[in-house]
1. Evaluate the following for V37: is it in contact with a strand residue (DSSP E or B) (Cβ under 9 Å, 6 or more places away or on another chain) and of a type in the set (A, V, I, L, M)?
2. May I ask you to say which residue of E21, E66 is within 15 Å of the chain's Cα centre (by Cα), surrounded by fewer than 15 Cβ atoms within 10 Å (Cβ to Cβ), over 25 Å from M1 (Cβ atoms) and charged (D, E, K, R)?
3. List the residue pairs whose Cβ atoms are under 6 Å apart, where the first residue sits in the stretch 95-106 and is among the small types (G, A, S), the second is exposed (fewer than 10 other Cβ atoms within 10 Å of the Cβ) and in a loop (DSSP other than H, G, I, E, B), and the two are 6 or more positions apart or on different chains.
4. I want to confirm something. Restricting to the stretch 29-64 and keeping residues that are in a strand (DSSP E or B) and among the charged types (D, E, K, R), which single residue is nearest to L9 (Cα to Cα)?
5. Take the conditions modelled with pLDDT of 95 or more and within 21 Å of G36 (Cα to Cα) and apply them to L94. Does it pass?
6. Looking at this structure, is K73 part of a helix (DSSP H, G or I) and either in contact with an Asp or Glu (Cβ under 9 Å, 6 or more places away or on another chain) or in contact (Cβ under 8 Å) with a residue 24 or more places away in the chain (or both)?
7. H68 passes all but one of (1) without any contact (Cβ under 8 Å) to a residue 60 or more places away in the chain; (2) assigned to a strand (DSSP E or B); which number fails?
8. Filter the stretch 79-101 down to the residues that are more than 16 Å from W42 (Cβ to Cβ), of a type in the set (G, A, S) and surrounded by 13 or more Cβ atoms within 10 Å (Cβ to Cβ) and list them by number.
Amino acid sequence: MAIHLLAILSPKPEKLARVEELARGLVNSVKQNEPGVTKYQWFHSGTPEEPKVVVWEVYADAEAFETHKKNPKLGELGKLGKEEGLFAAPMQLLPLEQFAGFAAVEGAKI
């Protein structure tokens with residue numbers, strides 16, 4: 001059964017570029033090494049004064065999610081987040097349960 005999550009990060013405004021840099025490295029690592037990740041997209045939200053980064057994550061199953069948690073680049077983001085004071089608040093992780101809606105097949109016209 002697929003696992004759907006939203007991760008909400010609160011980078012300090014002056015650290016946003018550094019968070020983006022680390023995110024790109026993590027995304028590349030996930031894409032290359034984690035075939036069980038079916039969606040891993042990072043988005044900007046919030047305001048310039050209080051930026052938010054929202055990560056939409058979908059894992060094929062619990063095993064894929066467990067594999068992701070062991071990704072060295074994810075550990076690096078957590079470690080550097082503390083060492084460099086990148087975040088204004090702890091990350092929020094929101095598990096999602098779909099109850100309605102659909103996803104279009106790529107290339108389909110809606």
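The values are calculated or read from the model by the stated rules, or taken from the named source; none is laboratory data. Only a predicted model underlies this, so the values are computations on that prediction, with no experimental measurement involved. Every residue, glycine among them, receives a Cβ derived from its backbone with ideal geometry; neighbour counts consider all protein chains shown.
1. On the way: in contact with a strand residue (DSSP E or B) (Cβ under 9 Å, 6 or more places away or on another chain): yes; of a type in the set (A, V, I, L, M): yes.
The answer is yes for V37.
2. Answer to the check: E21.
3. A104/I110
4. The first filter runs over the stretch 29-64 and keeps only residues in a strand (DSSP E or B), leaving 37-46, 51-59.
Checking which are among the charged types (D, E, K, R) leaves us with 39, 52, 57.
On the way: K39: 17, K52: 6, E57: 13 Å.
So, considering only residues that are in a strand (DSSP E or B) and among the charged types (D, E, K, R), the one nearest to L9 (Cα to Cα) is K52.
5. Taking the combined requirement at face value, the residue satisfies it.
6. Numbers: part of a helix (DSSP H, G or I): yes; either in contact with an Asp or Glu (Cβ under 9 Å, 6 or more places away or on another chain) or in contact (Cβ under 8 Å) with a residue 24 or more places away in the chain (or both): yes.
Taking the combined requirement at face value, the residue satisfies it.
7. Among (1) without any contact (Cβ under 8 Å) to a residue 60 or more places away in the chain; (2) assigned to a strand (DSSP E or B), the lone unmet condition for H68 is (2).
8. A88 - this is the single residue of the stretch 79-101 that is more than 16 Å from W42 (Cβ to Cβ), of a type in the set (G, A, S) and surrounded by 13 or more Cβ atoms within 10 Å (Cβ to Cβ).
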